[in-house]
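Q: Below you will find the structure I want to go over with you.
The values are calculated or read from the model by the stated rules, or taken from the named source; none is laboratory data. What you see is a predicted model; the values in this text were computed from it and never measured. Cβ atoms come from the backbone with ideal geometry, glycine included; neighbour counts cover every protein chain shown. Surface areas here come from the heavy atoms of the whole protein model, side chains and all, with no ligands, DNA or RNA. Shrake-Rupley method; radii C 1.70, N 1.55, O 1.52, S 1.80 Å.
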Amino acid sequence: MTAIPPRWCCAATSADARMQKRYDPLTAREGQIRNGMKGARKLYVKSFGCQMNVYDSQRMADTLAPEGYVETATAEEADLIVLNTCHIREKAAEKVYSELGRLRRLKQAAAADGRSLLIAVAGCVAQAEGDEIIRRAPTVDLVVGSQNYHRLPDLVARAARGRRVVDTDFPLDDKFDHLAAPSRTATRARGVTAFVTVQEGCDKFCAFCVVPYTRGAESSRAAEKIVTEVERLADAGVREVTLIGQNVNAYHGTGADDRPWTLARLLERLAGVPGIARLRYTTSHPLDMDEDLIAAHHALPALMPQLHLPVQSGSDRILTAMNRRHSRSDYLDVVARLREARPDLALTSDFIVGFPGETEDDFAATLTLVEEVGYAGAFSFKYSPRPGTPGADMSHQLDEAEKSDRLQRLQRTIDRGQAKFNRACIGRTLSVLFERPGRHRGQIVGRSPYLQPVQIDAPPSLIGEIADVTITEVASNSLFGALASPFPSPRNGEVREGSEPGGSLTTPRTAVGGSTLPFPEREKIAGAGA
Ligand code: 5AD
Ligand code: SF4
């Protein structure tokens, strides 16, 4: 099986030319003026899956803002609903079809009100299912694949004229060249942390994974374009940037010197952008953890001491069957070198239980790996055969009961490690970037260098600031504490002198439906590959 080949779509040419003109970031208000004050049209984007989809959803909203579309949090009042779908595990397509059933009723209600409601399906399910969506779901007006979001204004206009549109080609041009940048207002509204896609697709072809087929071959954005995007974010008040990609550490974009830059080089450059205090990247493949990147964890104070490094299994036999191209000891070697570079590094991972042929001994090897690494947390999944991937055709598929039993046992082991890591933080002083008001009055929430949510009682004026917090209490997912010293504290995001981090832990952050969820939601969400 090969990756979906890139195809050139002639229909794209004129739309792309128009998109070039729209590159300057317009707010929705400016968009309305340009569009003759047609009045705001409301856009509701529902994101499924990983951070890459959340980022794409934001860029879709940015691209539609010049058309006069303003985002709304309520599907009922929308003129255009976009479902940005994820295909990584089983039943993804079925979930989308059942969501579309609900939207059909919304569309009928809008029509009864004399309003027209357009429904679009985007993302990996759109890419994989294409015309099938239009055939099965008459309510859908538009299907757009993950490489074609820059064409949305044109596609939406065609759908509004009553044509049902499908655009799932893999264009040869770089969609990022044509996607509108967010306005300052939109960036501010999204908070002080941001995701930036630097790489898409994957060439690794793990036997369980759909990413190489839905997102296509590995490709990297040019370094200077990323730098410009990060400078723009910093200018709007963003303090922390997470570079994202399905296999982010395979990054090899062209640099300002016309040579391919590694992720390490890119991180070094971004660490110099004024205003950016913290950098992270996700999701990485162990094989692409090169020496420079490992060294960057020592050399760059802005690079947070936290890394999501999926291993999937602790058994060499299963790693081979999965076509992971690394052994258990290769992985442990990378972990050891990383910890040498950054002793307090908090590691998290992804695991799959019940891959075809997994024996009790193979599974036991996964449990011992979890103990040996001492993870700060991890996502774990029951293997689900994805049609078209080699794993789906393998013999010795395990039954559901066996997979569920192993998943529970693995999660108990992971939870113990996470609790240990969190408990080790009590009494320590961690620097925290405050992101938003807390659930309770007078509370604000931020993130530690290890990505744990930290809650303190403090005024909202601290949002966007980095301050030292002494941790006094730990709940299942959050840390609680109090400001260690009168604000302001140093603006860099590191652990301070005398606050030596120990153990291992973290709370991986994964976004669903546009919101940031704590770790126990792990069964409902997917990470971004690798
Ligand atoms: N079944 C179960 N889990 C999967 N993942 C990817 N594909 C599958 C599958 N077919 C998990 C992997 C990956 C994460 C994003 O999702 O653990 O790292
Ligand atoms: Fe690529 Fe990760 Fe999927 Fe493997 S699991 S094919 S590395 S995206």
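Q: With both bridge residues required to lie in region 216-346, what share of the DSSP beta bridges run antiparallel, to the nearest 5%? Please list the in-between numbers first.
A: Values: 1 of 8 bridges.
Antiparallel: roughly 10 percent of the beta bridges in region 216-346.
Q: Moving on to the next point. At a Cα cut-off below 17 Å, give the aspartates and glutamates reachable from K175, other chains included and same-chain residues fewer than 8 away excluded.
A: The reachable aspartates and glutamates, counting only those whose Cα sits under 17 Å from K175, are D16, D24, D56, D62, D154, D167, E200, E218, E224, E229.
Q: What is the sum of charges, Lys and Arg at +1 and Asp and Glu at -1, for the other residues whose Cβ falls under 11 Å from the Cβ of Y251?
A: Residues near Y251 contribute -2 overall.
Q: Take V166, V140 and sort them by solvent-accessible surface of the protein heavy atoms, 1.4 Å probe, largest at the top.
A: Per-residue accessible area, sorted high to low, gives V166, V140.
Q: Also, I was wondering about something else. Among 307-315, 175-183, how do they line up from the highest to the lowest mean number of other beta-carbon atoms within 10 Å?
A: Descending mean neighbour count gives 307-315, 175-183.
Q: Once phi is turned into θ = phi - 60°, what whole-Hz ³J(HN,Hα) does the Karplus curve with 6.51, -1.76 and 1.60 give for every residue of region 369-376, x standing for Gly and Pro?
A: With coefficients 6.51, -1.76 and 1.60, one gets 5, 4, 5, 5, 6, x, 5, 7 Hz.
Q: Ranked highest first by average number of other Cβ atoms within 10 Å, how do 323-336, 385-398 line up?
A: 323-336, 385-398
Q: OK, next. Can you tell me which aspartates and glutamates have their Cα less than 12 Å from the Cα of K225? Leave out same-chain residues fewer than eight positions away.
A: D174, D177
Q: Kindly identify region 39-132 as rounded, prolate or oblate by the Cα gyration tensor criterion: order the square roots of the eigenvalues as a ≥ b ≥ c, call it rounded if a/c is under 1.5, otherwise compare a/b with b/c, prolate if a/b is larger, else oblate.
A: Taking the square roots of the gyration eigenvalues as a ≥ b ≥ c, region 39-132 is oblate.
Q: Moving on to the next point. Name the shape class, rounded, prolate or oblate, that the alpha-carbon gyration tensor gives for region 361-466, where a ≥ b ≥ c are the square roots of its eigenvalues, rounded holds for a/c under 1.5, and otherwise prolate holds if a/b is larger than b/c and oblate otherwise.
A: Since a/c reaches 1.5 and a/b is larger than b/c, the shape of region 361-466 is classed as prolate.
Q: For K95, list the aspartates and glutamates whose Cα falls under 16 Å from its own Cα; do not include residues on the same chain fewer than 8 positions away.
A: Straight-line reach from K95, under 16 Å: E129, E132, E523.
Q: Determine, for each peptide in 412-421, 469-478, the mean count of other beta carbons within 10 angstrom over its residues, then list the peptides with the highest first.
A: Those peptides, ordered most packed to least, come out 412-421, 469-478.
Q: If you take every residue apart from A110 with its C-beta less than 9 Å away from the C-beta of A110, what net charge results, scoring Lys and Arg +1 and Asp and Glu -1?
A: Values: positive: K107, R115; negative: E76, D79, D113.
That works out to -1.
Q: Which residues' amide hydrogens lie under 5 Å from the amide hydrogen of Q147, considering only partners 5 or more residues apart or on another chain, with H built in the peptide plane?
A: none
Q: Taking amide hydrogens as modeled 1.01 Å from N in the peptide plane, which residues meet the under 5 Å criterion relative to L118, leaving out close sequence neighbours?
A: Result for L118 returns L80, I81.
Q: I need the shape label for region 203-276. Rule: rounded when a/c is under 1.5, else prolate if a/b > b/c, else oblate, with a, b, c from the alpha carbon gyration tensor. If you can, show how the numbers build up before the last one.
A: Values: a/c = 2.70, a/b = 1.77, b/c = 1.52.
Note, shape of region 203-276 comes out prolate.
Q: Amide H of Q306: which non-local residues (sequence gap of 5 or more, or other chain) have their own amide H closer than 5 Å, using H built in the peptide plane?
A: A346
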